[in-house]
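The structure appears below as structure tokens.
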Amino acid sequence: MGPRSRERRAGAVQSTNDSSALSKSSLAARGYVQDAFIALLVPGAVRRAPLINRGYYVRARAVRHCVRAFLERTCAPPGAPRAQILSLGAGSDSLYFRLKTAGHLARAAVWEVDFPEVARRKAERISETPELCALTGPFQKGDPAPALCFESLDYRILGLDLRQLERLDEALAAAGLNAVSPTLLLAEAVLTYLEPDSAAALIAWAAQRFPNAIFVIYEQMKPQDAFGQFMLQHFRQLNSPLHGLDHCPDVEAQRRRFLQAGWTACSAVDMNEFYRCFLPAEERRRMESLEPFDEFEEWHLKCAHYFILAASRGDNFSQTLMFPPSEAFPRVDPVSPSGIFSASVVKSDSQGPNLKRYGHASVLLSPDIILSAGGFGEQEGRHCRVKNLHLLSRYCNFEWKGSQICSHGTEIQWDGRLYHTMTKLSDTQVLVLGGRLSPVSPALGFLQLHFCKSEDNSTEDLKVTLTKAGPKEDSTLSCWRHSATEVSYQNQKYLFVYGGRSVVEPVLSDWHFLHVETMAWVRIPVEGEAPEARHSHSACSWQGGALIAGGLGASEELLNSVLFLRPISCGFLWESIDIQPPITPRYSHTAHVLNGKLLLVGGVWIHSSSVPGVTVINLTTGLSSEYQIDTTYVPWPLMLHNHTSILLPDEQQLLLLGGGGNCFSFGTYFNPHPVTLDLSSLSAGQ
């Protein structure tokens, strides 16, 4: 790489600091963390989305956990070497000022290193801000040429390139950093921007330079799955690619590289595990209540792709594990795959409108017509809540053609809801229940779609009328992420509406029976132990009852239970299905019953490092098996959450429609094409 390329790359990496600093400022402004200083260090203000606030919150808490643990271990009596914190790539971080205010620097000091321009800019900002100067005490500002940009009794800021280790070593020594004092090295999203050889050299240098130290890093990982690929693409587009993830793709590989570089103990966890195991439940509840939130899939996926690691060496820290294994977060890896389902792009008329959306609902109107409605997606070149309905129609050559239609109604138009349910009442009628317009605005009332075909039965001139249905002024169903399943009782058809979440309740445990013929809510006795509350679960009709699987429960806990609402003479009975081996907890998946087997398709899980495929559960024996999805012949990445799926049992095929999500700060991703899974190997293995 030439000098100009390196300069451009360095500038791009520096810009990530500016974005990160604004996110940290948003974090403090919304009450996620207490930080009165970041706004003084970062000019301007921006309000980030709740998903980004959550992501930066868990990062801030993980770093705080490590800093506090280090300071607790280095409480030294007078006369002993003072503790040292060396923050590499510190940017505009306010760590020094927070520690000083809390009284944690009486026997400690802070050194910060970043690119010269970033360091000089921070030094200028501090020197111009009386509130910050009052905390640093008397200080000196360095010349533009030397590395030392700011110096006070317990705070130094240096402008250096971390790839120039000899100069880094000399400058730190000149700035008073003591090699033998207990030292905490911090690198938040820093090493990953270095070339692998430079990062490895920095890790080895730190191990040799500091015999009594802890090295903490926070970085990205898991580059190979769908979310990881989209993450890599984002940073490449910013001209700040993530290096070395192919060599160190997970926490185990990261641990090995530190141990092989001379660190004697090392522990690491992804941010899901940190959040569940190292934050008190009360603090999690506080954070979860700060802002309306409904992007759980991307929250968990983001946390699965970042980790916090602490490596240690020396007498004080030789056996220190900052993140000891916890039984509160057991790994539940799926069993070895029993087979593979090949995926392919649905043969279709490429000129038709796309089905790029998520949070929508789909229903099979007839063997050759699939309706999808609602959700968030692409419409007329912009991202929005989708108001056009989408039809996928199959022709005699087995090709599918997509078309968009608008609903017409004298009373109402489609309101752009998402996370609703749709149920086919007949070949020409579909019932829409629940959904939301925003996390604070439920989509109230029933909607009914009426389809009127042309005389030649073509879908080209299909007319759709939208009307209100159900009881007037009915507020029974003001929820979303629920399920609606057809069940039978006394030879009558009902919809069993279960779970979900609402503006008031983050997760619901109640259920309702809707009599389809009269569109009235009725009471039907249900016996047995009621299942725990959940949303984003799956539900299938089976033997006149309903199969409920997985979901997200109270305190955002992922569930792996499978329940059967079994018909009995006086109503229904809740039964739990014993599954062996136990399945990995998941949510945001879809499900179908095929030949006495329950298929759980995709979804999000956090208790395994593998990628969800299709879990197959034999409903007679309770035995579970796993099938991988071969994505060789489909556009990658393929995100199997927030999608819908349609089973075509006669063809032994499963159509996957839409899916994706708002992927943290990396942008919004939509699966570009409908995909079909070939299930024939499942039938062959019966």
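Anything in the stretch 632-651 that is open to solvent by less than 40 Å² (accessible area, probe 1.4 Å) and either assigned to a strand (DSSP E or B) or on the phi > 0 side of the Ramachandran plot (or both)? List them, or say none.
Within the stretch 632-651, the subset open to solvent by less than 40 Å² (accessible area, probe 1.4 Å) is 634, 637-648.
The answer is Asn642, Thr644, Ser645, Ile646, Leu647, Leu648.
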Margin query: I'd like the full set of residues that are crowded, with 21+ Cβ neighbours inside 10 Å and among the aliphatic types (A, V, I, L, M), limited to the stretch 150-167.
Written below: Ile157, Leu158, Leu160, Leu162
Note to self: Yes or no: the stretch 452-464 includes at least one residue that is at pLDDT 90 or above, of a type outside the set (D, E, K, R) and open to solvent by 10 Å² or more (accessible area, probe 1.4 Å).
What the structure shows: no
Next item on the list: Could you tell me which of the residues Phe341, Phe329 is at pLDDT 90 or above and either not in a strand (DSSP E or B) or not aliphatic (A, V, I, L, M) (or both)?
Entry: Phe341
Check: List, please: which pairs have Cβ atoms under 8 Å, are six or more places apart or on different chains, and start with a residue in the stretch 174-189 that is over 23 Å from Ser19 (Cα atoms) and modelled with pLDDT of 95 or more and end with one that is part of a strand (DSSP E or B) and among the acidic types (Asp, Glu)?
Finding: Ala175/Glu151
Next item on the list: Mind telling me which of the residues Val42, Val46 ends up being open to solvent by 40 Å² or more (accessible area, probe 1.4 Å) and modelled with pLDDT under 95?
Entry: Val46
Notebook entry, point to check: Say we look at the stretch 404-443 and pick out the residues that are assigned to a strand (DSSP E or B) and among the charged types (D, E, K, R); which of these is least open to solvent (accessible area, probe 1.4 Å)?
Noted result: Arg436
Next item on the list: Identify all residues within the stretch 564-606 that are part of a loop (DSSP other than H, G, I, E, B), open to solvent by 10 Å² or more (accessible area, probe 1.4 Å) and more than 17 Å from His535 (Cβ to Cβ); write none if there are none.
Entry: Ser569, Cys570, Ile577, Asp578, Ile579, Pro581, Pro582, Asn595, Gly596
Next item on the list: Please name all residue pairs, on different chains or six or more residues apart, with Cβ atoms under 8 Å, provided the first residue is in the stretch 105-134 and is free of Cβ contacts under 8 Å to residues at least 24 places away in the same chain and farther than 23 Å from Thr183 by Cα and the second residue is among the hydroxyl-bearing types (Ser, Thr, Tyr) and part of a helix (DSSP H, G or I).
Entry: Cys133/Ser127
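Looking at this structure, is Leu279 closer than 15 Å to Ser267 by Cβ and part of a loop (DSSP other than H, G, I, E, B)?
no
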Margin query: Can you pull out every residue in the stretch 358-403 that is hydrophobic (A, V, I, L, M, F, W, C) and surrounded by fewer than 18 Cβ atoms within 10 Å (Cβ to Cβ)?
Written below: Leu364, Cys384, Cys396, Phe398
Notebook entry, point to check: For Asp294, all conditions in the list (1) out of contact with any Lys or Arg (no Cβ under 9 Å at 6 or more places or on another chain); (2) open to solvent by less than 10 Å² (accessible area, probe 1.4 Å); (3) of a type in the set (D, E, K, R); (4) not in a helix (DSSP H, G or I) hold save one; what is the number of the exception?
Noted result: (1)
Item checked: Residues satisfying the stated conditions in the stretch 193-231, i.e. surrounded by fewer than 20 Cβ atoms within 10 Å (Cβ to Cβ), part of a helix (DSSP H, G or I) and not aliphatic (A, V, I, L, M) -> Pro196, Asp197, Ser198, Trp205, Gln208, Arg209, Gln229
Check: Do we have Ser588 as of a type in the set (Ser, Thr, Tyr) and more than 28 Å from Gln652 (Cβ to Cβ) here?
Finding: no
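Of all residues in the stretch 298-336, count the ones that are of a type outside the set (A, V, I, L, M) and over 26 Å from the mean Cα position of the chain (by Cα).
Within the stretch 298-336, the subset of a type outside the set (A, V, I, L, M) is 298-300, 302-303, 305-307, 312-320, 323-327, 329-331, 333-334, 336.
Subsequent filtering for residues that are over 26 Å from the mean Cα position of the chain (by Cα) retains 312-320.
Total meeting the criteria: 9.
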Checklist line | the stretch 467-504, residues that are on the phi < 0 side of the Ramachandran plot, among the charged types (D, E, K, R) and modelled with pLDDT of 95 or more | finding: Glu486, Lys493, Arg501
Notebook entry, point to check: Restricting attention to the stretch 537-554, and to residues there that are of a type in the set (Gly, Ala, Ser) and open to solvent by 10 Å² or more (accessible area, probe 1.4 Å), which single residue is nearest to His300 (Cα to Cα)?
Noted result: Ala554
Margin query: So in the stretch 652-680, with the set limited to residues that are open to solvent by less than 20 Å² (accessible area, probe 1.4 Å) and among the small types (Gly, Ala, Ser), which one is farthest from Phe398 (Cα to Cα)?
Written below: Gly661
Check: When you look at Lys141, is it farther than 18 Å from Ser20 by Cα and either in contact with a Gly (Cβ under 6 Å, 6 or more places away or on another chain) or among the basic types (Lys, Arg) (or both), yes or no?
Finding: yes
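The values are calculated or read from the model by the stated rules, or taken from the named source; none is laboratory data. Given the structure is predicted, the values throughout are model-derived calculations rather than measurements. No Cβ is skipped: glycine too gets one built from the backbone with ideal geometry, and neighbour counts run over all protein chains shown. Just so you know, the surface numbers come from the protein's heavy atoms only, side chains and all, with ligands and any DNA or RNA stripped out. Shrake-Rupley method; radii C 1.70, N 1.55, O 1.52, S 1.80 Å.
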